[in-house]
Amino acid sequence: MLRGKRIVLGVSGGIAVYKAVELLRLYVKAGAEVSVIMTRAAQQFVTPLTFQTLSGNPVHTDLFDLYQEKEIGHISLADRAELFVVAPATANVVGKVAGGIADDLLTTTIMATKAPVLFVPAMNVNMWENPLYRQNQEKLTGLGYHFMEPATGMLACGWEGKGKLPDPQAILEQTQALLGPADLAGETVLVTAGPTREELDPVRYLSNYSSGKMGYAIAAAARNRGARVILVSGPTCLDAPCGVELHQVVSARQMREAVLAQAASASIIIKAAAVADYRPAQAAAQKIKKTGAEALTLTLEKNPDILAELGRIKEQRILVGFAAETADLLANARKKLTEKGLDMIVANDVSQPGAGFDVDTNIVRLLYPDGRVEELPQMSKDEVAHRLLDRVAGLRKA
């Protein structure tokens with residue numbers, strides 16, 4: 001989503017400047033073209049050379065640089081930006097912009113740009129809570145500037161509380177949301193992800209190899225495209241995307257309960273979870289001990305079919321399912337598409353390298369009720385998520 005996007009990264013003075021280095025690395029890795037502006041105070045913590053090396057572009061520091069002023073440097077930077085990110089944003093910078101003061105390259109360029117501006121504050125907790133700062137942020141928010149909430153924790157000054165710069169990955173996600181196409185604005189997207197676990201006894205369970213990466217990628221992509229996103233997730237090791245409403249469950253029955261509770265508010269439902277088809281008929285109250293017998297027989301019973309139940313009550317909602325198969329991919333996917341009343345199904349052969357569980361890529365085919373099949377080459381799960389949402393947005397518009 002950031003490939004080819006022009007971002008101006010403003011870095012003001014504070015100990016959190018070192019995190020701005022990591023943020024720049026993430027932007028460049030995502031394919032963005034980044035120009036960096038550093039205040040004089042920021043240069044006391046990290047040298048411009050560090051940012052120049054990572055960005056591959058000159059770092060801008062001086063309002064009256066002769067070369068830059070030949071182009072009217074601050075105007076050139078302001079016009080170039082598709083998004084302006086100030087991270088860390090100190091109370092001083094926020095206060096100056098709120099007061100209309102433009103006395104250095106950073107504040108002058110912010111005043112001159114017509115691009116969206118995202119402030120990412122980082123400061124002492126008492127400064128964050130100071131009524132003067134709060135008024136400045138509220139004023140700028142009312143004027144259309146964007147703000148992220150600081151993280152809470154131990155601050156460099158020794159105080160503990162709100163004021164830490166958010167994780168660079170969270171800033172990256174917020175950047176993607178601001179630069180996204182917003183074609184899902186006004187929609188509520190319900191996504192399921194991850195495996196379920198069906199308890200055998202207090203220490204064992206039945207499950208599968210799903211990591212949840214595909215579902216989490218869809219949730220993040222939908223959020224970036226302007227949707228309200230509800231993520232119902234089985235057990236995973238993943239952090240929920242920033243700005244997504246997370247509901248954590250363990251078993252298939254818990255997932256059914258959570259999904260049906262949220263389905264009424266959703267206009268789009270994407271069922272990417274790998275839900276166990278069966279569960280033990282009875283979970284043992286104590287650990288099942290090894291005996292002298294050579295075999296142990298487990299009696300399993302069927303779990304509820306959440307996708308089929310959604311198909312019966314979907315009404316005007318878009319309903320998308322997944323078919324993870326190891327044989328007869330298209331035949332099995334078509335059967336599921338028809339029987340469960342889906343608008344689309346995403347089929348993948350999980351035995352194929354680069355398309356299975358717990359990897360960062362996928363190879364999928366999109367099947368539609370009219371018989372169409374769209375084959376996608378191997379790509380990252382983030383890219384698959386956006387291709388899928390391109391088609392969902394088209395279906396929703398139709």
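The values are calculated or read from the model by the stated rules, or taken from the named source; none is laboratory data. Because the structure is a prediction, the values reported are computed rather than measured. Virtual Cβ from ideal backbone geometry, glycine too; neighbours counted across all protein chains shown.
Of note:
- Residues satisfying the stated conditions in the range 20-43, i.e. hydroxyl-bearing (Ser, Thr, Tyr) and in a loop (DSSP other than H, G, I, E, B): Thr39
- Close pairs (6 angstrom Cβ cut-off, 6 or more residues apart or separate chains): on the phi < 0 side of the Ramachandran plot in the range 321-341, surrounded by fewer than 16 Cβ atoms within 10 Å (Cβ to Cβ) and not in a helix (DSSP H, G or I) anywhere: Thr326/Ser351
- Check on Ala308, surrounded by 10 or more Cβ atoms within 10 Å (Cβ to Cβ), under 30 Å from Met214 (Cα atoms), at pLDDT 95 or above and in contact with a Ser or Thr (Cβ under 6 Å, 6 or more places away or on another chain): no
- The single condition among (1) out of contact with any strand residue (DSSP E or B) (no Cβ under 6 Å at 6 or more places or on another chain); (2) more than 29 Å from Gly4 (Cα to Cα); (3) at pLDDT below 95; (4) not in a loop (DSSP other than H, G, I, E, B) that Ala170 does not satisfy is (2).
- Residues (within 15 Å of Lys213 (Cα to Cα) and in a loop (DSSP other than H, G, I, E, B)) located in the range 357-377: Phe357, Asp358, Val359, Asp360, Ile363, Val364
- Only one entry in Lys302, Lys314 is of a type outside the set (Asp, Glu) and at pLDDT below 95, namely Lys314.
- The range 143-162, subset at pLDDT below 75 and assigned to a loop (DSSP other than H, G, I, E, B), residue surrounded by the fewest Cβ atoms within 10 Å (Cβ to Cβ): Gly158
- Yes/no for Ala185 being in contact with a Gly (Cβ under 9 Å, 6 or more places away or on another chain) and more than 30 Å from Ala285 (Cβ to Cβ): yes
- Residue match in the range 185-193 (condition: at pLDDT below 95 and either among the aliphatic types (A, V, I, L, M) or in contact with a helix residue (DSSP H, G or I) (Cβ under 6 Å, 6 or more places away or on another chain) (or both)): yes
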